[in-house]
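The structure appears right after this line, and notes come after that.
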Amino acid sequence: MTAPEADEGLAVVVTGATSGIGEAVAARFRAGGARLLLTGRRERAPAGMGPDEHYLAGDLGDEAFAAELIATAARILGPIDTLVLCHGLQGDGAIEAMDLQRASALLDANVLSVFSVLQHAVPAMREGASQVVLVSSRLGMVGIAGQVMYTAAKGGLIMLGKGAAIELAPRGIRVNVAAPGLTSTAAIEAGFDRQPDPDAARRARAATIPMGRLARPEEVAEAIHFLGTPASSYVTGAVLPIDGGYTAA
């Protein structure tokens, strides 16, 4: 774990920051004194924002908003030190049951919108010493029935990160990918609560993980924070599973 003061003054942009892992990532950088620009779909700004934080609501599937986000960051933060791209769209569906519109939406939300933000952000990054973290999923590393297009999208995000790492390395911009496992966010817990036996559903999912439990958002945020600070200064093009051993099994 890096010392909290290591974040002092860092200019950090976090997408998907109003809930779940993105919210935990924002809180981790906040604790270290970073200057934050957060974004999400919700109109209302996240609770707990400090005096050096800003929030911009919008849909990153709209390229005009992606451009506005980065222009705003450049105006209020200056050169961006850290960009954490944590937004995306979950989606289930068997191959024969999923229509092309839904499949396209998964690719748009999980790959193309991330590419759009990254494309606009590169000229605004602090060259020579900055970092980008793409938040994928353990399911970008393994196949699973019933989520074929979601895994394809998250796998594509991993390859986007690897290619970007190579392309941007000469400019001193590091790009890494975090691949969280099943995490106990409000959305995941709500899904369990909708089951006939929520506790049994939780136990069944936990049993698929070698460590025998779901991740806490704060644990995932800590690993993303490492990739998003100079503490990982010689790491680029890496994919970090944060999954309790799921992809090692």
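Side notes on the structure shown:
- Residue match in the range 96-105 (condition: under 17 Å from the mean Cα position of the chain (by Cα) and either crowded, with 16+ Cβ neighbours inside 10 Å or free of Cβ contacts under 8 Å to residues at least 60 places away in the same chain (or both)): no
- Taken as a whole, the range 193-202 holds no residue that is within 30 Å of A121 (Cα to Cα) and not aromatic (F, W, Y).
- Failed item in (1) among the aliphatic types (A, V, I, L, M); (2) crowded, with 16+ Cβ neighbours inside 10 Å; (3) over 30 Å from A45 (Cβ atoms), with A145 passing the rest: (2)
- Condition check for R202: more than 27 Å from M159 (Cβ to Cβ) and surrounded by 18 or more Cβ atoms within 10 Å (Cβ to Cβ): yes
Condition check ((1) loosely packed, with under 13 Cβ neighbours inside 10 Å; (2) modelled with pLDDT under 95; (3) among the aliphatic types (A, V, I, L, M); (4) farther than 25 Å from A11 by Cβ) across all residues:
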site: A187; (1), (2), (3), (4): yes, yes, yes, yes
site: L227; (1), (2), (3), (4): no, no, yes, no
site: A231; (1), (2), (3), (4): no, no, yes, no
site: D243; (1), (2), (3), (4): no, no, no, yes
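- Odd one out for G93 among (1) closer than 21 Å to L139 by Cβ; (2) out of contact with any Lys or Arg (no Cβ under 7 Å at 6 or more places or on another chain): (2)
- Within the range 1-55, the residues that satisfy the criterion of being surrounded by fewer than 24 Cβ atoms within 10 Å (Cβ to Cβ), without any contact (Cβ under 8 Å) to a residue 60 or more places away in the chain and part of a helix (DSSP H, G or I) are P4, E5, R30, A31.
- Of the helices (runs of 4 or more DSSP H) lying entirely inside the range 103-215, the ones with 3 or more residues being of a type in the set (D, E, K, R) and closer than 26 Å to F226 by Cβ are found at 148-168.
- Yes/no for G91 being crowded, with 22+ Cβ neighbours inside 10 Å, of a type outside the set (A, V, I, L, M) and within 27 Å of P217 (Cβ to Cβ): no
Table: residues versus (1) within 21 Å of V133 (Cβ to Cβ); (2) of a type in the set (D, E); (3) touching a Gly at 6+ places or on another chain (Cβ under 7 Å); (4) at pLDDT below 95.
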position	(1), (2), (3), (4)
A153	yes, no, no, no
M159	yes, no, no, no
I166	yes, no, yes, no
V175	yes, no, yes, no
A206	no, no, yes, no
L240	yes, no, no, no
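- When the test is whether a residue is loosely packed, with under 15 Cβ neighbours inside 10 Å and either polar (S, T, N, Q) or touching a residue at least 24 places away in the same chain (Cβ under 8 Å) (or both), P210 passes it.
The values are calculated or read from the model by the stated rules, or taken from the named source; none is laboratory data. Keep in mind that what you see is a predicted model, and the values were worked out from it rather than measured. Using ideal geometry, Cβ is built from the backbone for each residue, glycine included, and neighbour counts are taken over all protein chains shown.
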